[in-house]
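Notes to accompany the following structure.
Computed from the coordinates by the stated procedures, all read-outs in this text should not be read as laboratory data. These numbers come from a predicted model, not from an experiment. Glycine gets a Cβ as well: all are built from the backbone with ideal geometry, and neighbour counts include every protein chain shown.
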Amino acid sequence: MKVYISADMEGVCGVTHSAQCRPGHPDYERFRRLLTQEVNSAIEGALEGGATDVLVNDSHFAMTNIVIEDLHPRASLISGSNKLSAQMEGLDETFAAVFLVGYHQGDGQGDGVINHTLMSATIRRVLVNGTVADEALINAAVAADFGVPVALLTGDDRVCEHISNTIENTQVAPVKRAIDRLSAENLPVHEARRLIRERAAMAIERVRNGAIKSAAAYAPARFDVEFRLSSAAHLCTLFPAVERTGPCSITFERPTMVEAYKLFWGLGIVGTAAMTGVFTPAP
Ligand SMILES: [Zn+2]
């Protein structure tokens with residue numbers, strides 16, 4: 001039984017500022033280790049629940065955050081950001097469950113810790129088939145294309161509440177209570193890890209007994225993306241599938257969610273380049 005873990009960082013216990021999750025910040029080395037330990041707790045729980053193989057996809061920023069020498073010895077790791085399926089790279093129909101570890105609320109959806117949607121400087125809002133979607137819901141829809149359910153989500157209380165209200169039976173591990181976008185009451189670190197391990201084991205048991213099932217696949221899948229600047233929307237119309245719907249917004253539709261997600265990721269990269277100007281020398 002194979003388990004796939006997509007690991008973000010903003011939802012890790014102790015993280016309350018995006019600077020803590022950026023290489024170069026004095027605290028980054030501490031926080032990447034806290035992330036690695038939370039991923040390990042999820043892996044331990046998965047193995048306790050009956051998983052045999054675990055693949056971890058580093059899914060935050062440059063996607064080189066997890067400390068491989070500290071990662072659980074039973075897990076393989078996808079590292080690096082030049083990949084076609086971003087936070088869901090490597091997932092296919094051979095997996096039995098997806099875990100989303102260290103996740104966070106979407107941009108503008110409330111007071112969740114470091115709420116944003118994939119590329120915080122570029123993207124303001126994303127709708128999938130007409131519904132406002134955060135990273136967790138987008139990735140759950142990608143997983144549904146492969147018939148794989150999201151069995152566990154960890155992060156702050158806000159993202160956990162949102163996923164619980166949206167996806168039936170997904171297990172959640174709220175490791176901190178959001179006070180503001182940049183403040184939280186964190187669980188004791190070891191209690192957070194114990195909670196993740198416990199819920200991960202429960203999640204796998206629920207997949208095994210059929211209580212957690214994949215959502216229906218989106219076909220076709222339509223994205224409506226609102227960028228922060230008009231230049232991002234403008235440059236995205238280079239791609240024939242993309243239609244401009246407003247000064248800062250575009251829409252596109254693809255036959256499957258996996259295809260749509262790849263295009264969304266590509267447009268995010270182009271939109272990000274457009275924010276400061278293509279080929280603009282670094283300051
Ligand atoms: Zn992140």
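What to note about this one:
- Folded to 0 to 90 degrees: helix 135-145 orientation relative to the chain principal axis, Cα: 80
- Exposure proxy ranking, count of Cβ atoms within 10 Å, fewest first, for Lys213, Lys262, Lys176: Lys213, Lys262, Lys176
- Modelled label reach - His17, point 7 Å along Cα→Cβ, segment 173-190 residues with backbone N closer than 14 Å: 181-184
- Paramagnetic reach from Ser120 (point 7 Å along Cα→Cβ, amide N under 13 Å) across segment 1-27: 9-12, 15-23
- Rounded to whole Hz, the Karplus (6.51, -1.76, 1.60) HN-Hα couplings of segment 70-87, x for glycine and proline: 9, 6, 3, x, 8, 9, 8, 10, 9, 10, x, 9, 7, 9, 7, 10, 6, 6
- Relative packing of 106-117, 194-205, which averages over residues the other C-beta atoms within 10 Å, highest first: 194-205, 106-117
- Rounded to the nearest 10 degrees, the angle from helix 28-49 to the longest Cα principal axis of the chain is 60 degrees.
- When all alpha carbon pairs of the chain are counted in 10 Å bins from zero, the resulting P(r) reads 7, 30, 37, 20, 5, 0 %.
- Net dipole in debye of segment 221-276 [+1 Lys, Arg Cβ; -1 Asp, Glu Cβ; about Cα centre; nearest 20]: 80
- Only Lys, Arg (+1) and Asp, Glu (-1) charged, at Cβ; the chain dipole about Cα centre in debye: 180
- Exposure proxy for Phe99, Phe31, Phe279: other Cβ atoms within 10 Å of each Cβ, ordered fewest to most, give Phe279, Phe31, Phe99.
- Taking the number of Cβ atoms within 10 Å of each Cβ as an exposure proxy, the fewest-first ranking of His190, His72 is His190, His72.
- Gyration tensor verdict on segment 221-276 (Cα atoms; rounded if a/c is under 1.5, prolate if a/b is larger than b/c, oblate otherwise): prolate
- Burial ranking of peptide ranges 8-18, 267-277 (average Cβ count within 10 Å, highest at the top): 8-18, 267-277
- Remark on Ile5: its backbone amide H falls under 5 Å from those of Leu55, Val56, Asn57, Phe99, a criterion applied only to residues 5 or more positions apart or on other chains, H modelled at 1.01 Å from N.
- DSSP beta bridges in the chain [antiparallel fraction, %, rounded to 5]: 45
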